[in-house]
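*Asks:* Got a structure for you, written out below as structure tokens; questions coming shortly.
Please treat every number below as a calculation from the coordinates, not as lab data. Remember, it's a predicted structure, so these values are computed and weren't measured experimentally. Every residue, glycine as well, gets a Cβ built from its backbone with ideal geometry; the counts of neighbours run over all protein chains shown.
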Amino acid sequence: MRNLFRFIRRYHFFFLFLLLQVVALLFTLSSQHFHQAHLFHSSNTLVGHVYQTYNQVSGYMHLREVNQQLLDENMRLLERQRENFLITDQQVFEHQDSVFRRRYSYLNAGVINKSVNRRNNYLTLNKGRLHGIEPDMGVITGNGVAGIVMHVSDNFSSVMSLLHSDMMVSVKIGKNDHIGTLQWEGGDYRRTVMSYIPPHVDLSVGDSIFTSGHSLVFPENVFVGTIEDWEIRRGENFFTATVKLAIDHNKLSLVYVVKNLMREEQEELESAAPGGIQF
């Protein structure tokens, strides 16, 4: 206490100066509208910056929720596409008519692990059996093919990436519907090849490649990529085209798992044919 009094006595002129300054400021503000307005404006500006910063931080904290909402909306849009329905009567095209039977449904998932620099690459998803994912389901993004589910646990899924030596996808050329097979040959993870294109087919740089729908895994017309170059390799009678993939597999973070609701019916029918139907 003695030190406090000593400190006040030593600096009492300074404290008196501060007190007089505060009193003078209060008198000025109470008598001058200009100063009041200026102070009000300054305080509003400060409060505005505080609220702006708060909103930015709050928005960042809600990014996960917003991303999930976007995923759900994209999934609903995917499910409404024409390719997800089996049309049983070509004369009727009403969306709500009973001739449209849903063939594919979708489930969004996050990629929690992946590789692109190996000969055989895989993805790991953060959803599994408890979420409805099963082996042999297709995995796509909003603009490309990612792979096929191979193994599932209760909460996770292992996916054979499109960047895998055993991964083959039936695809077609958008402008003429000619069919070929897409298979990664290693090396550049941004490019793959489309094989078995008939030599009479007219090809151009930039031709779009889509899934053909000739499989139990992927719907028709999922965009895959564009043709960059083509050749007839030695000893072959078909074109082999270099395709630049639409998606960057090194940046994969969100995907959609495709469920073919009519898979079992088609498999049962094809296996009932003599010797089974082979594709």
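*Asks:* Measure up LYS114/LYS259; LYS172/LYS244; LYS127/LYS172; LYS127/LYS251; LYS175/LYS244 against 26 Å on the Cα-Cα distance and list the ones that go over.
*Replies:* LYS127/LYS172
*Asks:* Give me the orientation-averaged projected area of the Cα convex hull of the range 106-261, in nm², one decimal.
*Replies:* Over all viewing directions, the range 106-261 projects a mean Cα-hull area of 8.6 nm².
*Asks:* Can you bin every Cα-Cα distance in the range 118-182 into 5 Å intervals starting at zero and give me the percent of pairs per bin, rounded to whole numbers?
*Replies:* So the P(r) values, bin by bin, are 4, 17, 23, 21, 16, 9, 6, 3, 0.
*Asks:* Listing THR192, THR240 from the residue with the fewest other Cβ atoms within 10 Å to the one with the most, what is the order?
*Replies:* THR240, THR192
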